[in-house]
Each structure stands twice: as C-alpha cells, then as structure tokens.
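A.B. asks: Please find one structure pasted underneath; my questions will follow.
The values are calculated or read from the model by the stated rules, or taken from the named source; none is laboratory data. Bear in mind the structure is a predicted one, so any value in this text is a computation, not a measurement. Cβ coordinates were reconstructed from backbone atoms using ideal geometry, including for glycine residues, and neighbour counts include every protein chain displayed.
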C-alpha cells in the first residue's frame, strides 16, 4: 500500500509538472546578433523566461526582414532600434514598444578607408550600409545630416553589418566607408591598418534599442508581456551577480568567448527598470519626434505614424 501511495504521488507530481509546463505561453522573438540584444538570449538559456511562465523561441532575422516576420505571424515580438518601430508602423506593421534594452556608447559606428579624415569628406563617395529602414542606414543618414550632407550626397551599397566590416578590412568592394556595429566593429578596431573608425555613437548618441510586440499579442497576453520584461531585467541582474557565466552564455550565441564578449559589451549600456522609467518619461518621445522628421525628409517613410501609440509603459513599473 505504501508503495502504491508513493507511485500515485509520483504520478500526480509528474502530471502537475507537465500541466505547469503546458501552460507556458509561447512567444517567438526576432533579433539579430547585436551585442545589445544578448540579455534576451541569456534570459532564455538561463531559464529566466521559463521561470516566469514563458516558452520563448529566439529567431535570428536581419533587421530589414524582421517586420515581415511580424506581419506574417512568424514572430510576435522583436528587438530593434527606436526609429525602426516608426518605419514599421509607417509601413502598416503595427507594433508597440514595451521596454528599453540598451543604449549604444560607441558600439555603432562608421568606418572609413585610410585617407578619409571627416564625414564631410564622404561627399561623392561610396558607403556600405544595410537597407533603408534599418539602424545602420538611419545612423548614416543621421551622421550625414549632422555634417550638412544628405543620403543623396553618397552612393550607398547595401551590405549587412558583418559583411560591411569584413569588406572594409579586406579592402574589397571599392568602398570608401561602411556602417557597422559590435561585435563586428571591434574587428575593425583590431585592424587599424586596413580601416579606421571615424565616428561612433559616442560622437552621435542616437542608437537606442527597445523591445516590442504586436498590439494583438499585448492585448491577448498582458501577463506574458510582463513576464518578458521581468525576464529581461532578471538577466541584467544575473550579469551583475554572475558576470563570467553570463558572458560565456551570451558570447557563445555570437561565436565569441567570454573575454571577447565582455570587451564588446563595454561599448553599450543595458537599461535596467529605473533607466527604463527615466527613458520613457521624456527622452523616448523627444527622440522619436526628431527621428521621424529625419526619416520623412530622407524619404524612408512617406508619412509619420501616431507617435503617441508607439509605446506601452505598463510593464516597466
């Protein structure tokens, strides 16, 4: 009888465990290999999302295609730059930001071949950048604008950040400059004889990443949205408490060892809950307005969407 009770208890326990697992909310998230998104990978790999009742799958999708994955329903949430959400919404892909991930402090930049000494020298030159609607393309537009130039003053070759950095290092593609970011920017730092970094977000602080989802997902799954935010903030706490283990996990995802990843992450700042509250209290709206004006003047969008509907701050309190 005792053996039967033990067996029954084990069966019930297993059933309860299976039931709890079955209740995990599934959510697919689109990101790229950008260093700033790494805490999302850490939250998944370390079981932090799982702890909050989420079954998260992370898909590596180029920024230029991420909105298509959202529109098709392949993913429900994504990570990208603040101005990119404006582009997506302007193009009919409804999305809402729910928390900030990071701010770039030198992690995004423009690299040039030897002999080019200023951004103004790029007039009439060839520059590699991702497609319109991506962060590197917008960063190029921003840096040119701050130096009295426009996108029409340069010839743009569409290359993703890794390919752009590699082309500059190898001296191929007849490129005069390229837009890239970490961890690929550090590859250029290590090859100063091939190319040099002429400007980064230390000079032009305008690359800020946020996490968002479709309005339908947020309406149908508010607890899951809160869990996504909580899992991210837990990941930041883990980085503080267990840096070596965290860097190993995050570095492995972008094919870096812990030391290399630790070095690349020094060029950005992940944003905790308090930083999020400060950001969305005013800076987000101010930057979105300036970014929307530039996107419109550069012809990247045809009209400005309702900027007041691009963020939902319920989940950072």
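A.B. asks: Can we say residue 60 is touching a strand residue (DSSP E or B) at 6+ places or on another chain (Cβ under 7 Å), outside the structural domain of residue 215 (by TED's automatic domain parsing), over 20 Å from residue 290 (Cβ atoms) and surrounded by fewer than 20 Cβ atoms within 10 Å (Cβ to Cβ)?
C.D. replies: no
A.B. asks: Let me ask something else. Of all residues in region 172-203, which are touching a helix residue (DSSP H, G or I) at 6+ places or on another chain (Cβ under 6 Å) and modelled with pLDDT under 95?
C.D. replies: 173, 181, 182, 183, 184, 186, 187, 188, 191, 194, 195
A.B. asks: Still on this structure, I have one more. Looking only at region 156-175, count how many residues are more than 17 Å from residue 134 (Cα to Cα) and surrounded by fewer than 17 Cβ atoms within 10 Å (Cβ to Cβ).
C.D. replies: Here the count works out to 5.
A.B. asks: Quick one: which of 56, 111, 93 is farther than 30 Å from residue 198 by Cα and assigned to a strand (DSSP E or B)?
C.D. replies: 56
A.B. asks: Moving to a separate point now. Show the residue pairs that are 6+ apart or on different chains and have beta-carbon atoms under 8 Å apart, the first residue being within region 185-208 and on the phi > 0 side of the Ramachandran plot, the second being at pLDDT below 90 and surrounded by 22 or more Cβ atoms within 10 Å (Cβ to Cβ).
C.D. replies: Partner pairs satisfying both residue conditions: none exist.
A.B. asks: For residues that are within 20 Å of the chain's Cα centre (by Cα) and free of Cβ contacts under 8 Å to residues at least 12 places away in the same chain, scanning just region 252-265, find the one that is surrounded by the most Cβ atoms within 10 Å (Cβ to Cβ).
C.D. replies: If we take residues in region 252-265 being within 20 Å of the chain's Cα centre (by Cα) and free of Cβ contacts under 8 Å to residues at least 12 places away in the same chain, then 252 is surrounded by the most Cβ atoms within 10 Å (Cβ to Cβ).
A.B. asks: All but one of (1) over 19 Å from the mean Cα position of the chain (by Cα); (2) farther than 21 Å from residue 39 by Cα; (3) buried (at least 22 other Cβ atoms within 10 Å of the Cβ) hold for residue 200; state the number of the condition that does not hold.
C.D. replies: In the conditions (1) over 19 Å from the mean Cα position of the chain (by Cα); (2) farther than 21 Å from residue 39 by Cα; (3) buried (at least 22 other Cβ atoms within 10 Å of the Cβ), residue 200 misses (1) alone.
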